[in-house]
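**Q** Have a look at the structure that comes next, please.
The values are calculated or read from the model by the stated rules, or taken from the named source; none is laboratory data. Keep in mind the model is a prediction, meaning the values are calculated, not measured. Neighbour counts are summed over all protein chains in view; Cβ atoms, including those assigned to glycine, are modelled from backbone coordinates with ideal geometry.
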Amino acid sequence: MIFGVDTSGKINQLPMWVGVVKPKRRGILEELKKSVARRKPVISARRRLNGRYLNQGEIEKLVENTSFSVGLLRAPVYASCLRNFRSLHDPKVRVLASVIFLTLKDLPIREEDVILVDKDYDYDKMRFLCSSIGFLLRKFEGKNLDVEVGTSYNESIGLADIVAKLGRLGKLQASEMNPNSLEKYMSAF
């Protein structure tokens, strides 16, 4: 299966929520769009569906048909990691990779899974982010997974975007990043 990873904003826009989704079946995003279209036709015509337009029944449908995890990175934790690991190459990306890895760890991962990360940055930064996530998966989980750059046209990434937005709105429970656990994975680089 394909995991979708998306963030609610860029790395310097804190607090930041990270959504990771593994759909249990195909077509969930289209079903949600059709459901929203009955209430708000103009909103559903957009390519990306915003999580704020989902009602409680649609959120429950999303929860039933996906495996998901939401992580929350707050500014003090981010600043602490940057201060302690400023000697690393591109520490901002390493912090983001560690946050994505910690959020991803909450879900069952199999060897044949693929992880798609939404393209929020330029090509070189995204390639570095994907290789950092892959490194953490190999080192701490013992899994050699493909971590690739994807776009919001992919259903998994579209659902991850919705989950991150619902986490930001407080409609889904987010696990807050602990500085000690983040620094454990940051020190592996």
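**Q** Among the residues of segment 53-85, which ones are in a helix (DSSP H, G or I), hydroxyl-bearing (S, T, Y) and within 28 Å of G158 (Cβ to Cβ)? Show your work before the answer.
**A** Residues of segment 53-85 that are in a helix (DSSP H, G or I), as a first pass: 53, 56-65, 75-84.
With hydroxyl-bearing (S, T, Y) added as a condition, the list becomes 53, 78, 80.
Hits for segment 53-85 are Y53, Y78.
**Q** Ok, one more. Scan segment 66-107 residue by residue and report those that are more than 24 Å from V21 (Cα to Cα) and either among the aromatic types (F, W, Y) or modelled with pLDDT of 95 or more (or both).
**A** Answer for segment 66-107, where residues must be more than 24 Å from V21 (Cα to Cα) and either among the aromatic types (F, W, Y) or modelled with pLDDT of 95 or more (or both): just F85.
**Q** Tell me, which residue of segment 71-94 that is touching a helix residue (DSSP H, G or I) at 6+ places or on another chain (Cβ under 8 Å) and among the hydrophobic types (A, V, I, L, M, F, W, C) is nearest to Q13 (Cα to Cα)?
**A** So the residue we want is L73.
**Q** Do we find a residue being among the charged types (D, E, K, R), surrounded by 19 or more Cβ atoms within 10 Å (Cβ to Cβ) and in contact (Cβ under 8 Å) with a residue 24 or more places away in the chain anywhere in segment 46-53?
**A** Checking segment 46-53: not a single residue is among the charged types (D, E, K, R), surrounded by 19 or more Cβ atoms within 10 Å (Cβ to Cβ) and in contact (Cβ under 8 Å) with a residue 24 or more places away in the chain.
**Q** Quick one: A97 ticks every box in (1) of a type in the set (G, A, S); (2) touching a helix residue (DSSP H, G or I) at 6+ places or on another chain (Cβ under 7 Å); (3) in a strand (DSSP E or B) bar one, so which box is it?
**A** If we test A97 against (1) of a type in the set (G, A, S); (2) touching a helix residue (DSSP H, G or I) at 6+ places or on another chain (Cβ under 7 Å); (3) in a strand (DSSP E or B), just (3) comes out false.
**Q** Inside segment 157-186, can you point out the residues that are out of contact with any helix residue (DSSP H, G or I) (no Cβ under 9 Å at 6 or more places or on another chain) and touching a residue at least 40 places away in the same chain (Cβ under 8 Å)?
**A** The answer is I157, A160.
**Q** Name the pairs whose Cβ atoms lie under 8 Å apart, with the first residue in segment 61-88 and free of Cβ contacts under 8 Å to residues at least 60 places away in the same chain, the second of a type in the set (S, T, Y) and assigned to a helix (DSSP H, G or I), and 6 or more positions between them or separate chains?
**A** What qualifies is K61/S35.
**Q** Could you check segment 108-147 and list, in sequence order, the residues that are assigned to a strand (DSSP E or B) and within 16 Å of G19 (Cα to Cα)? Spell out the reasoning first.
**A** First pass over segment 108-147, keeping only residues assigned to a strand (DSSP E or B): 114-118, 146-147.
Listed by number, the residues that qualify are V114, I115, L116, V117, D118, V147.
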